[in-house]
1. Kindly indicate the residue of the range B:73-85 that is surrounded by fewer than 17 Cβ atoms within 10 Å (Cβ to Cβ) and assigned to a loop (DSSP other than H, G, I, E, B) and also nearest to the other protein chains (Cβ to nearest Cβ) among those meeting that condition.
2. Can you name the residue in the range A:57-97 that is aliphatic (A, V, I, L, M), more than 30 Å from residue B:54 (Cβ to Cβ) and part of a strand (DSSP E or B) and is also nearest to the other protein chains (Cβ to nearest Cβ) among such residues?
3. Can you tell me which of A:36, A:60, A:80, A:41 is more than 12 Å from residue B:100 (Cα to Cα), touching a Leu at 6+ places or on another chain (Cβ under 6 Å) and open to solvent by 50 Å² or more (accessible area, probe 1.4 Å)?
4. Using beta carbons and a limit of 7 Å, which pairs, at least six apart or on different chains, have the first residue in the range B:34-49 and at positive phi and the second one of a type in the set (Val, Ile, Thr)?
5. Only one residue in B:52, B:36 is in contact with a strand residue (DSSP E or B) (Cβ under 8 Å, 6 or more places away or on another chain), open to solvent by 60 Å² or more (accessible area, probe 1.4 Å) and closer than 19 Å to residue A:96 by Cα. Which one?
6. Determine which single condition residue B:44 fails, assuming it passes every other condition in (1) open to solvent by 70 Å² or more (accessible area, probe 1.4 Å); (2) in a strand (DSSP E or B); (3) over 20 Å from residue A:4 (Cβ atoms).
7. Collect the residues in the range B:86-112 that are open to solvent by 60 Å² or more (accessible area, probe 1.4 Å), within 26 Å of residue A:45 (Cα to Cα) and touching a residue at least 60 places away in the same chain (Cβ under 8 Å), keeping them in residue-number order.
8. I need a count of the residues in the range A:98-110 that are within 14 Å of chain B (Cβ to nearest Cβ) and open to solvent by less than 20 Å² (accessible area, probe 1.4 Å).
Amino acid sequence: SQQGEEDPQALSIQEGENATMNCSYKTSINNLQWYRQNSGRGLVHLILIRSNEREKHSGRLRVTLDTSKKSSSLLITASRAADTASYFCVETSGTYKYIFGTGTRLKVLA
Amino acid sequence: DTAVSQTPKYLVTQMGNDKSIKCEQNLGHDTMYWYKQDSKKFLKIMFSYNNKELIINETVPNRFSPKSPDKAHLNLHINSLELGDSAVYFCASSLGTSGVHTFGSGTRLTVV
């Protein structure tokens, strides 16, 4: 399958804890993006990290990128019940070529 | 104002029918996409149009035909619907080469 792999597939944590999701991709990327999908809704863009960047922050989100291992991780700090959703990484390579990962289902318990 | 709107939200139809899903974006984006999300939540690109021209056409049965009348619209027509076509179809758009997508809320297609 050309699809990127994410792990874990599912993650359940308590409110206030940190959540870490990992993504393995397959191509030589231009950038890697993370999206959130709430149940029954469309995907929402969270953060983009370029291939020459190693770390990026946005609010409670921290993304790292290791191009030598073709992997990325998304850390959500101080999680909230509203963070409950599925999270997808998307590798962007070439022109208009986007490959979505398999997704991590995050459940934050209040 | 809805940025990427697709209609209908739900579509239930019988095998063999022909149906269309419409998508419109008011963001001024130059590229539009159709994605299919299956029951396992895997998302796969089907088509991509840049400035009304088809640029990506993944391995999709030719029963699926996209049409982009202008940069703001990308419709998807499906002929002879099959049970396996049941899925959620997402329209999205982006601007420039970074590829940051704005997604519609999806059309849940159920073929019975």
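The values are calculated or read from the model by the stated rules, or taken from the named source; none is laboratory data. Since the structure is predicted, the reported quantities are computational estimates derived from the model, not experimental observations. Using ideal geometry, Cβ is built from the backbone for each residue, glycine included, and neighbour counts are taken over all protein chains shown. Note: accessible area is taken over every heavy atom of the protein model, side chains too, but ligands, DNA and RNA are not part of it. Shrake-Rupley method; radii C 1.70, N 1.55, O 1.52, S 1.80 Å.
1. That would be B:82.
2. Here the answer is A:85.
3. After ruling out the rest, the residue left standing is A:36.
4. Close Cβ pairs (under 7 Å, with a partner that is of a type in the set (Val, Ile, Thr)) do not exist here.
5. Just a single option satisfies the conditions, and that option is B:52.
6. If we test residue B:44 against (1) open to solvent by 70 Å² or more (accessible area, probe 1.4 Å); (2) in a strand (DSSP E or B); (3) over 20 Å from residue A:4 (Cβ atoms), just (3) comes out false.
7. B:95, B:108
8. The number of residues fulfilling the criteria is 7.
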